[in-house]
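The values are calculated or read from the model by the stated rules, or taken from the named source; none is laboratory data. All values derive from a computational prediction rather than experimental measurement. Reconstructed Cβ throughout: ideal geometry from the backbone, glycine too, with neighbour counts over all protein chains shown. Calculation scope for accessible area: heavy atoms of the full protein, side chains included, ligands and nucleic acids excluded. Shrake-Rupley method; radii C 1.70, N 1.55, O 1.52, S 1.80 Å.
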Amino acid sequence: MGKESQNQLKRIIGKGNVQKQPIDELEALTPDNPFRKAALELLYNLQQNLQVTQNQDEEDRELLMRLAPLYQQDREQAIQEGEQRGLQTGIQQGERLVVENLLKVRFGEIDNELQVIIEPLLSLPPEEFTPLLLQLSREELIHRFC
């Protein structure tokens, strides 16, 4: 972003009290609001460019200080979402391994008929699919989940 673009963005968001209202509105948006995410991305780019610029004025510094908590909150939420997705993926992979291992132990290899029932089994909570895998016969499992 060149100096001209920086100046345009600063003019768009205003100066002084004019700047306060859009930032207040941005703060009021929920963290998962797409507009908030897009606006923070643009403002983050502006922040990066202002930090490299040697001739920051007081308003530039105030703008950066005002936006810093929003950036931090956005970053923390992104980290939490990433951790949650990773945790959920790990749980799903673990459940799949349990189902596959139980099928292998009970019935030998997992052929095409057994492969088809894995996804429907995984749609159940573990406390439901585990007893079914231990108690039902191969034919009962295939009949129930196909």
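Could you check, for the range 45-63, whether at least one of its residues is assigned to a helix (DSSP H, G or I), free of Cβ contacts under 8 Å to residues at least 24 places away in the same chain and closer than 30 Å to S137 by Cβ?
No, the range 45-63 contains no residue that is assigned to a helix (DSSP H, G or I), free of Cβ contacts under 8 Å to residues at least 24 places away in the same chain and closer than 30 Å to S137 by Cβ.
Does E113 qualify as being over 30 Å from E140 (Cα atoms), open to solvent by 80 Å² or more (accessible area, probe 1.4 Å) and part of a helix (DSSP H, G or I)?
Working: over 30 Å from E140 (Cα atoms): no; open to solvent by 80 Å² or more (accessible area, probe 1.4 Å): yes; part of a helix (DSSP H, G or I): yes.
Answer is no for this residue.
Within the range 117-146, track down each residue that is outside any helix (DSSP H, G or I) and aliphatic (A, V, I, L, M). Can you show your working first?
Filtering the range 117-146 for residues outside any helix (DSSP H, G or I) gives 123-125, 136-137, 146.
Selection gives L124, L136.
When residues of the range 95-110 are filtered for being touching a residue at least 12 places away in the same chain (Cβ under 8 Å) and open to solvent by less than 80 Å² (accessible area, probe 1.4 Å), how many remain?
The first filter runs over the range 95-110 and keeps only residues touching a residue at least 12 places away in the same chain (Cβ under 8 Å), leaving 95-96, 98-100, 102-103, 106-107.
Those left that are additionally open to solvent by less than 80 Å² (accessible area, probe 1.4 Å): 95-96, 98-100, 102-103, 107.
Looking only at that region, the number is 8.
For residues that are at pLDDT 85 or above, over 18 Å from N45 (Cβ atoms) and surrounded by 12 or more Cβ atoms within 10 Å (Cβ to Cβ), tally how many sit in the range 58-86.
2
Could you please let me know if Q92 is touching a residue at least 24 places away in the same chain (Cβ under 8 Å), open to solvent by 40 Å² or more (accessible area, probe 1.4 Å) and in a helix (DSSP H, G or I)?
Values: touching a residue at least 24 places away in the same chain (Cβ under 8 Å): yes; open to solvent by 40 Å² or more (accessible area, probe 1.4 Å): yes; in a helix (DSSP H, G or I): yes.
Yes.
What tally of residues in the range 28-48 results from selecting those that are within 14 Å of L64 (Cα to Cα), among the polar types (S, T, N, Q) and open to solvent by 50 Å² or more (accessible area, probe 1.4 Å)?
Result for the range 28-48: 2.
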